[in-house]
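Student: Have a look at this one.
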Amino acid sequence: MIVPEAASAGPVTVTVGGKTSNGIFFDFVSEGIPNGSFEKDGLKGYAATGTVIATTAQRTNKPTHLDHMAWMSTLHNPANGQSTLTTDRFTVSDGLGYLVFDYHFMGSLVFGDIKNHLELRIIDENNTETIMNDVFSANMEKHRESIISRYAIGSGLQSAVVDVSTYAGQGIPIKIKFILKGSGPIPTDRPDLLPDDSNRGSFPNKPGTSLLLDNIRLSGTGFLPAPIDLNTITMTLPLAGKSTISGLAGSVVSDGTIYAHGLVSGIRHETTAAADGSFSIDVPASSVQDTYYILYYSTPKTTIDNSSNRLFSPNITLKIPHE
């Protein structure tokens, strides 16, 4: 049988003389993850439950590779809903013992540990599901609504790594399952909550949780970039509506791309670091009130084909004083 490049598990039919046979399930096992950037017919190669789509943007959030990303949400049931995204079965090639992906978690009325809302599981050949702990960053930032579509909290865009070296070169098919859970019950001991916070279907709260995923791939390294050290950053006071954010040598990796994402405007500004890891970027800033940005960077792409091995650092928050 000749298997098309974009093949995935599912029913296979035969059409002869305009008549199509009943579908017979075809269990496709790929080498690696063939649709890690969701470019081939959206979610082809995945099984999804709940609310999951492939999209080109989520407000000001863009894919990290090519034109699409997956958007999981619990807006269908903000408090107790659950959405899942599971890859088709695949094998891990020898020397590529790490699963790498880019993600951005966000939520409203989210309390407690991020583990209450996000899980990643490995499903083995016996359909045994193993929860992988400490995959997602525990660093959650308070964000203004504009940057993440009225969600009040988020991880920011960053990369994550899962060690799958146990399966490397073994020919054992596995699946990866992402699980997104709703925001859960509202605490009864929070006097700061507003009366309408319990009405999770009201506009414009946009309640519940969401997860953006992109560029899921296998890698030979488990390296993740460190966040920018705030001690290496300087900012000028606003002048003529702008401020300059500068990073000393070694602030980021050589030739990395730095992103300054406005927490109110939602606009992302970017620049390329010098060979010594220093950078300078001009951003809008107010002389009347403090201006907030999240700052992060990506490593340079070193592949020569259409793939991308860029990695995104965790975010830090910058406050540019108005005076």
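Derivation of every value follows stated rules applied to the coordinates shown; laboratory data play no part. Source: prediction; values computed, not measured. All Cβ positions, even for glycine, are placed from backbone atoms using ideal geometry, and neighbour counts span all protein chains on display.
Student: Given a cut-off of 29 Å, name the pairs among Lys62/Lys175; Lys19/Lys177; Lys62/Lys115; Lys40/Lys175; Lys181/Lys242 whose C-alpha atoms lie farther apart than that in the structure shown.
Tutor: From the list (Lys62/Lys175; Lys19/Lys177; Lys62/Lys115; Lys40/Lys175; Lys181/Lys242), the Cα-Cα distance tops 29 Å for Lys19/Lys177; Lys181/Lys242.
Student: How high is the FRET efficiency from Phe111 to Thr15, r the C-beta distance, R0 56 Å, rounded to 0.05?
Tutor: So the FRET efficiency works out to roughly 0.55.
Student: Through the Karplus equation 6.51 cos²θ - 1.76 cosθ + 1.60, θ set to phi - 60°, convert the phi angles of the stretch 219-229 into ³J(HN,Hα) values in whole Hz; use x for Gly and Pro.
Tutor: Listing the rounded values in order: 9, x, 9, x, 5, 10, x, 7, x, 5, 6 Hz.
Student: Continuing with the same structure: Whole-Hz ³J(HN,Hα) for each residue in the stretch 48-58, computed from phi via Karplus 6.51 cos²θ - 1.76 cosθ + 1.60 with θ = phi - 60°, x for glycine and proline: what do you get?
Tutor: Calculated HN-Hα couplings, in order: 10, 10, x, 10, 9, 9, 9, 9, 8, 6, 10 Hz.
Student: In nm, to one decimal, how far is the modelled label at Ser307 from the one at Asp67, with both set 7 Å along Cα→Cβ?
Tutor: In this crude spin-label approximation the distance works out to 2.2 nm.
Student: Right, next: Which of Tyr46, Tyr98 has the fewest other C-beta atoms within 10 Å, and how do the rest follow up to the most? Write down the numbers at each step before the final one.
Tutor: Numbers: Tyr46 25, Tyr98 19.
In order of increasing Cβ crowding within 10 Å: Tyr98, Tyr46.
Student: Just to be sure I understand the model, the point goes 7 Å from the Cα along the line to the Cβ. What's the resulting Ala47 to Asp94 distance in nm?
Tutor: 3.1
Student: Okay, next question. Fewest to most neighbouring Cβ within 10 Å: what's the order for Glu323, Glu31, Glu119?
Tutor: Glu323, Glu31, Glu119
Student: Moving on to the next point. Enumerate the amide H contacts of Val161 below 5 Å, restricted to partners 5 or more residues apart or on another chain; note that Pro and chain-start residues carry no placed amide H.
Tutor: The answer is none.
Student: What are the ³J(HN,Hα) values, in whole Hz, obtained from phi via the Karplus relation 6.51 cos²θ - 1.76 cosθ + 1.60 with θ = phi - 60°, for each residue of the stretch 300-305 in sequence order, with x given for Gly and Pro?
Tutor: Once rounded to whole Hz, the list reads x, 6, 10, 7, 10, 9.
Student: Please compute the modelled spin-label separation between Lys319 and Asp290, points set 7 Å along Cα→Cβ, answer in nm with one decimal.
Tutor: So the two model labels end up 0.2 nm from each other.
Student: Arranged by the count of other C-beta atoms within 10 angstrom, fewest first, what order do Met235, Met106 take?
Tutor: Details: Met235 17, Met106 26.
Going from sparsest to densest Cβ surroundings: Met235, Met106.
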